[in-house]
Structure formats: C-alpha cells, structure tokens
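Let me begin by presenting the structure, written as structure tokens, before commenting on it.
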Amino acid sequence: MLDANESLRDEALVRIDQCASEEEIEQVRIEYLGRKGILTLRLRGLREVPVEERPRIGEQLNRLRLLIEDRLAARLSQLKKQAQERAIREESVDISLSGSRWEPGRVHPVTLMMDEIVDVFLGMGFEIARGPDIEDDYHNFEALNMPKDHPARGMWDTFFVSDDLVLRTHTSPVQIRIMEKRQPPLQIIAPGAVYRHDDDATHSPMFHQVEGFMVDSHIAFSDLKGVLTHFLRQVFREDTGVRFRPSFFPFTEPSAEVDIQCLICGGQGITADRQSCRVCKGSGWLEILGAGLIDPEVFRFVGYDPEKVAGFAFGMGVERIAMLKYGIEDIRLFFQNDLRFLRQFS
Ligand code: DAH
C-alpha cells in the first residue's frame, strides 16, 4: 500500500510538470482530486484498511493530497508568469528600428516650367485666365476665324467628344471667352492642357500651352516684339537672339513664328566638333512659339470694332520650351513618372 502511494505521487508530479496550459492543469486536478479522482477514491477506500494501519496511511494520503494541490497551484502560477513574459516580449515595440522615410513630393517639371513662364508675364502686368478643356467647335475653331470645313482646321489633329465638342486643341479659345465677356484694355495669360491626336518623341496627346494676348486702342507689332523678346530673354539667356519669321495662323494677321538662336550651337548651325548641330538641324534657330496681331475677323466674332481696337496674341508649348531649356529629347519622359527623371527638377 505504501509503495502504491509513492508511485502514485511520482506519477502525479510528472503529470503536473508536463502540464502546458491552465486547461491541462484542471484536467490533472480532476483526475486526481475530483469526486471520482484517483486520490479521492483511495481516501474513501481507507474504510477497508485495517484499523491499526488506517492513521498512518490516512496521514500519508492526506499529505499526498496537499502536495498535489500545492504543485498544481505552483505549476499554474508558473504557466501564467511564462505567458505574461511571452506577451511582454512579443507585444513590445522595438524603438531601435529605424522608421520608414516619408519623402516630400515635388512640383512636376511641366508645372515648374509653366509657373516660370507665367511669372515673367505677371511681371509685365498680365493677368491669368483659364478656359474649359472640353471646348465647343465655336470657341476652338469658328470664332478663331475657322468656319466649318476650313482647311486650316487640319493644322490640329482633333479629338472629338461629339459633333460639336472637342478636347481643345490649343489655348487660343480662351481669348474668345475672355473677349466675349470683357472690354479692352486686356492683358491676359492663359495656361492649360491641350489635346491632339499625335504621339511620338516630340508630340504627346496631352500637353500644355501658355496663350497670351493684349488688346487696347493702339497696339502694334512692335509691342508684340518687345513683350516676347523680353520674355524669351528671361526664360533663356539675357543675350539670346530672337527672330520673327512670317507665318500663317487663321486668327492673326500678320502672323509670325518666333525663333531663338540655338542654345546648343549658339546659332552657328555647327557644333565645336564641326558636326551639323543636331538640335537645330544646322539652321542655327529653334522655333519657340506662334504669334501675330489679332485678326479683325476675330474681333468681329466677339463684338469688338476692329477700327477701334487692336491687339496681339501668341501661344507656346510648355513641354517644348522645357525640352529645349533642359536638353530633354523625348516628351514622353514628362508623363512616364519615372522618379529618376522627375527628381532632377525642383
Ligand atoms: N494656337 C496656336 C497653336 O496651337 C498657337 C498660336 C499661334 C497662338 C499664334 C496664338 C497665335 O495666339 O497668335 O498652334
């Protein structure tokens, strides 16, 4: 009997040590100390033990019960402590880990260029205006002196939204929208996106223009020359050569294309290594913008009297100016959002 209790004790202590959770502890407790537990049954069985042995075995069983209760309690608090330590370890924040870096965004190079262009005109007293990207046929073409089926409409590869609506092919319609609403004197700059069905290294289906115009009682071609020469010398170099070359636009008369001396070969047409200049294709000049005196027909469309007012207008491509200024060879770089490209401008 004594031996049996000893092996029961050894076995119980091993079982308790092996418990890995509160539930397992409870199971072991029931197994030994529950109403039908091994130890409970043995205590009950004392009745059958001869009277003279009863006190000794009884005392032994009672001590065993206390021992098992003790060990169960000890193992339980050990498990709780381990769980707590684990939680502290796993839930703690490692403040030595370096954080992820937030890089501030930058202004897009096209926006930078556009702001720079607009700034020069603001400095000359121009005012900023805007018009809709989806434009009607009347403002994009007709009132700019291009009736339906006019061949000059072919100068722009137009995206049609409907029979009467287009994605504006240029910013010139802003001239019409302003003059319809306001009276001279006007000195306006109109930056914005324009759209053309065209896509290669120097043409993008969406790009940006800055339109400008000035209307008053006595505006002459010399005013246009003065304003644009000053502008080009601000954006490019102080001593940049500027050339006005006769051209045609339906909404100006006379019209001009404005060139600057090539930035690469300095107007020589050949580079230092005696090669024909790749940028100006040997001509020494770079075409920068279109301009002219506002056609009397345009004034009639907006209800101005061409005998009483005169004005000049001009329009330029923002990406083209940025490409020439920074030596960028493919317009698509502006719209591919490659950070290695975009980070070079700030
Ligand atoms: N709208 C023309 C274009 O997109 C550019 C232009 C030329 C605008 C002459 C003007 C101008 O205002 O007078 O090609």
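The values are calculated or read from the model by the stated rules, or taken from the named source; none is laboratory data. These figures come from a predicted structure and were not determined experimentally. FYI the Cβ positions are ideal-geometry reconstructions off the backbone, even for glycines, and counts take in every protein chain you see. All accessible areas refer to the heavy atoms of the entire protein, side chains included, with ligands and DNA or RNA removed. Shrake-Rupley method; radii C 1.70, N 1.55, O 1.52, S 1.80 Å.
Taking residues in segment 265-276 that are assigned by TED's automatic domain parsing to the domain that holds Lys325, and partners anywhere that are modelled with pLDDT under 90 and open to solvent by 80 Å² or more (accessible area, probe 1.4 Å), the pairs with Cβ atoms closer than 8 Å and at least 6 places apart or on different chains are Thr271/Ile264; Thr271/Arg278. Filter segment 135-158 down to residues that are acidic (Asp, Glu) and more than 14 Å from the ligand (Cβ to nearest atom) and give me whichever is most open to solvent (accessible area, probe 1.4 Å). By that ranking, first place goes to Asp149. The set of residues in segment 297-337 that are within 14 Å of the ligand (Cβ to nearest atom) and part of a helix (DSSP H, G or I) comprises Glu297, Val298, Phe299, Val318, Glu319, Arg320, Ile321. If you go through segment 183-219 and pick out every residue that is assigned to a loop (DSSP other than H, G, I, E, B) and open to solvent by less than 40 Å² (accessible area, probe 1.4 Å), you end up with 4. Can you name the residue in segment 40-70 that is of a type in the set (Val, Ile, Thr) and not in a helix (DSSP H, G or I) and is also least open to solvent (accessible area, probe 1.4 Å) among such residues? Of everything passing the filter in segment 40-70, Val49 is least open to solvent (accessible area, probe 1.4 Å). Test each condition in (1) within 30 Å of Met323 (Cβ to Cβ); (2) not assigned by TED's automatic domain parsing to the domain that holds Phe334 for Asp119 and report the one that comes out false. Condition (2) is where Asp119 drops out. Under the condition of being closer than 21 Å to Gly311 by Cα, more than 28 Å from the chain's Cα centre (by Cα) and part of a loop (DSSP other than H, G, I, E, B), the residues counted in segment 105-158 number 6. Annotation: of all residues in segment 252-285 being under 37 Å from the mean Cα position of the chain (by Cα) and within 25 Å of Gln175 (Cβ to Cβ), the one that is farthest from the ligand (Cβ to nearest atom) is Ile260.
Out of Glu257, Glu238, Glu253, one residue alone is crowded, with 18+ Cβ neighbours inside 10 Å and among the acidic types (Asp, Glu). It is Glu257. Every test in (1) under 30 Å from Tyr138 (Cα atoms); (2) away from the ligand (no atom under 13 Å from the Cβ); (3) not aliphatic (A, V, I, L, M) is passed by Gly292 save one, and that test is (2). Scanning for something part of a loop (DSSP other than H, G, I, E, B), of a type in the set (Phe, Trp, Tyr), farther than 17 Å from Gly311 by Cβ and open to solvent by less than 40 Å² (accessible area, probe 1.4 Å), does segment 159-182 turn up at least one residue? Among the residues of segment 159-182, not one is part of a loop (DSSP other than H, G, I, E, B), of a type in the set (Phe, Trp, Tyr), farther than 17 Å from Gly311 by Cβ and open to solvent by less than 40 Å² (accessible area, probe 1.4 Å), which makes the answer no.
Taken together, Arg101, Arg130 contain a single residue that is open to solvent by 50 Å² or more (accessible area, probe 1.4 Å) and assigned by TED's automatic domain parsing to the domain that holds Thr158, which is Arg130.
When Met124 is tested against (1) in contact with a His (Cβ under 9 Å, 6 or more places away or on another chain); (2) within 14 Å of the ligand (Cβ to nearest atom), only condition (2) is not met. In segment 82-93, the residue that is most open to solvent (accessible area, probe 1.4 Å) out of those that are in a helix (DSSP H, G or I) and either closer than 21 Å to Val14 by Cβ or of a type in the set (A, V, I, L, M, F, W, C) (or both) is Ile88.
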